[in-house]
Amino acid sequence: MAFEFKKCVSEDGVEFCGLYEIQPKVFGDSRGYFFECYSERDFFEAGLKMRFVQDNQSSSSRGVLRGLHFQKHNPQGKLVRAVEGKVYDVAVDLRKGSKTFGKYYGVILDSENQNQFYIPEGFAHGFYVISEKAVFAYKCTNFYHPEDEGGLMWDDKTIAIDWKKISGTVEPLLSEKDKKHPAFDLGKNYFDINASWIGE
């Protein structure tokens, strides 16, 4: 198999259903490198039987923070990676009834080691750029619906993402839209854990 799949676990030892860190096997020599970014066969064998319908790519400078984003009625699963540079990537479980509801998981995605992160439907997602520049790519299981956008405040006190753990001090460069997201509501049913699109 050309990939290693690692299930993600919260700081208090609870496994996030459907959330994976993924390490492709990279072949390199003096000429450069080669690796498979995605293989339906290998992902299916690992139990990740999603279907991707859209590929996106963005470029951001150091200090840019994008997030925390989700789609309310057309949720997207995302396979994300840093094509160039390094980011701190974060997923927040918004599936009501999940053992990890309201918890986050963060991973450094680095173009040097080519690691990836799969975030299933029902999570909010965001990332912070650590390197001078980052080119960020992601495959999505649903199309983008601009009228369906949802978001959470990047520095929400309940979720309490430790952005400073990665970069020391954080003075994020935010879009006007991302400055206005609401706080996380522990009592809100953002997504149902029993929804048909939730994987095993």
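Being of a type in the set (A, V, I, L, M, F, W, C) and touching a Gly at 6+ places or on another chain (Cβ under 7 Å) is the filter here; which residues of region 141-160 pass it? Scanning region 141-160 gives 154, 159. Counting only strands (runs of 3 or more DSSP E) wholly contained in region 1-85, the ones carrying 1 or more residues that are surrounded by 15 or more Cβ atoms within 10 Å (Cβ to Cβ) and not aromatic (Phe, Trp, Tyr) occupy 3-9, 15-24, 54-61, 65-71, 78-84.
Name the one entry in 90, 129, 135 that is of a type in the set (A, V, I, L, M) and under 17 Å from residue 55 (Cβ atoms).
135
If I filter region 151-167 for residues that are in a loop (DSSP other than H, G, I, E, B), crowded, with 20+ Cβ neighbours inside 10 Å and in contact with a Cys (Cβ under 8 Å, 6 or more places away or on another chain), do I get at least one hit? No, region 151-167 contains no residue that is in a loop (DSSP other than H, G, I, E, B), crowded, with 20+ Cβ neighbours inside 10 Å and in contact with a Cys (Cβ under 8 Å, 6 or more places away or on another chain).
Select from region 11-36 the residues that are farther than 25 Å from residue 104 by Cβ and of a type outside the set (D, E, K, R) and list them in ascending order.
Within region 11-36, 26, 27, 28, 30, 32, 33, 34, 35 meet the criteria.
Among the candidates 106, 77, 126, 97, the residue that is over 11 Å from the mean Cα position of the chain (by Cα) and not acidic (Asp, Glu) is uniquely 97.
Residues checked against (1) part of a loop (DSSP other than H, G, I, E, B); (2) at pLDDT 95 or above; (3) open to solvent by 20 Å² or more (accessible area, probe 1.4 Å):
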| site | (1), (2), (3) |
| --- | --- |
| 105 | no, yes, yes |
| 108 | no, yes, yes |
| 137 | no, yes, no |
| 176 | yes, yes, yes |
| 183 | yes, yes, yes |
| 186 | yes, no, yes |
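Remark: residue 100 matches the filter, which requires a residue to be out of contact with any helix residue (DSSP H, G or I) (no Cβ under 8 Å at 6 or more places or on another chain), part of a loop (DSSP other than H, G, I, E, B), at pLDDT 95 or above and buried (at least 20 other Cβ atoms within 10 Å of the Cβ).
Of the residues making up region 111-129, those that are assigned to a strand (DSSP E or B) and closer than 15 Å to residue 60 by Cβ number 5. Among residues of region 46-71 that are under 30 Å from residue 1 (Cβ atoms), those with a beta-carbon under 6 Å from a residue that is in a strand (DSSP E or B) at least six positions away or on a different chain give the pairs 46/5; 52/139; 54/140; 55/139; 56/138; 57/137; 58/136.
The values are calculated or read from the model by the stated rules, or taken from the named source; none is laboratory data. This structure is a prediction, so every number in the text was calculated from the model and none was measured. Cβ sites come from the backbone with ideal geometry, for glycine too, and all protein chains shown count toward neighbours. Heavy atoms of the whole protein, side chains included, go into the accessibility calculation; ligands, DNA and RNA do not. Shrake-Rupley method; radii C 1.70, N 1.55, O 1.52, S 1.80 Å.
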